[in-house]
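Remarks on the structure that follows.
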Amino acid sequence: MKLRINSTKRLPRLQSDLQSDSKTLRYELENLVRLALEHSPSWAKSEPVRNNAYIEAFAVHCRALIFFLYGHLDQITSNGVTQRFSALRDTDVLAHDFYSSWDRDCPPPTQVLVDSKWRADKHVAHITTDRREVNQAGSAEQSVWRLTEAVSAVCDVMSCFLENAPSQSFEAAELVRMNRSIAVWRNKMVASQVPPPSPGIAPPRASSSPHLQATTDGGSLSRQPNV
């Protein structure tokens with residue numbers, strides 16, 4: 001994984017700008033956690049439109065946070081699988097902007113983060129050939145979201161970032177709220193004692209009219225569009 005920050009003409013951010021950006025960062029993290037906590041597997045059959053909205057919003061927030069945390073690199077790799085980032089723009093806000101030594105202290109990406117980036121890129125953010133027959137009636141192709149693992153992985157990296165970055169780079173209230181969101185998620189995981197999901201195991205498919213399914217106790221979400 002190659003550091004690309006030094007190869008750009010990127011100017012240091014003003015502390016006041018970073019404090020303002022911390023509001024957006026808090027919004028992304030807070031909503032990622034809330035979507036995961038509020039989602040109900042029963043919506044797969046009873047409220048498919050609501051189910052789609054929750055999972056697709058989850059994918060967008062997860063993608064944004066992965067880019068924020070690892071965008072100082074040109075790509076992320078885990079278990080031999082690599083996902084490249086798009087070109088870095090001056091308007092992109094990164095963890096590295098808040099903390100210049102983040103490239104040294106940033107934890108290596110986990111497999112679920114690499115997979116989540118790919119899935120959000122190819123199955124949600126764009127119309128791609130990778131979506132052909134995915135979650136369609138009569139097809140065995142599924143897009144399985146490992147919800148529990150993804151949120152836990154993001155929270156772990158975010159926690160490391162918040163512990164290391166200078167506190168004055170954040171608005172005080174936003175820093176409190178971000179740490180609270182991480183604590184809420186971790187407490188929920190401890191209380192529910194969710195077992196680690198089995199890699200590659202998808203939830204049951206819909207019988208006829210395909211729509212979103214979710215199996216939160218297995219840590220997976222399967223996105224299936226309405227027909």
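Please treat every number below as a calculation from the coordinates, not as lab data. Keep in mind the model is a prediction, meaning the values are calculated, not measured. Reconstructed Cβ throughout: ideal geometry from the backbone, glycine too, with neighbour counts over all protein chains shown.
Values as computed for the structure displayed
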read-out	value
Convex hull of Cα atoms in the stretch 78-171, direction-averaged projection (nm²)	8.2
Candidate lysines for bridging to Lys2, where Cα separation is under 21 Å - those fewer than 8 sequence places away on the same chain excluded	Lys117
Area projected by the alpha carbon convex hull of the stretch 15-222, averaged over all directions, nm²	12.0
Assigned charges on the beta-carbon of Lys, Arg, Asp, Glu; the stretch 109-149 dipole about Cα centre (debye)	80
Residue order, fewest to most beta carbons within 10 Å, for Cys155, Cys62, Cys160	Cys160, Cys155, Cys62
Proximal aspartates and glutamates to Lys188, defined as alpha-carbon separation beneath 17 angstrom and excluding residues fewer than eight positions away on the same chain	Glu30, Glu38, Glu149, Asp156, Asp217
Contact order relative to length of the stretch 15-222, as percent, for alpha carbon pairs under 8 angstrom and 6 or more apart	30
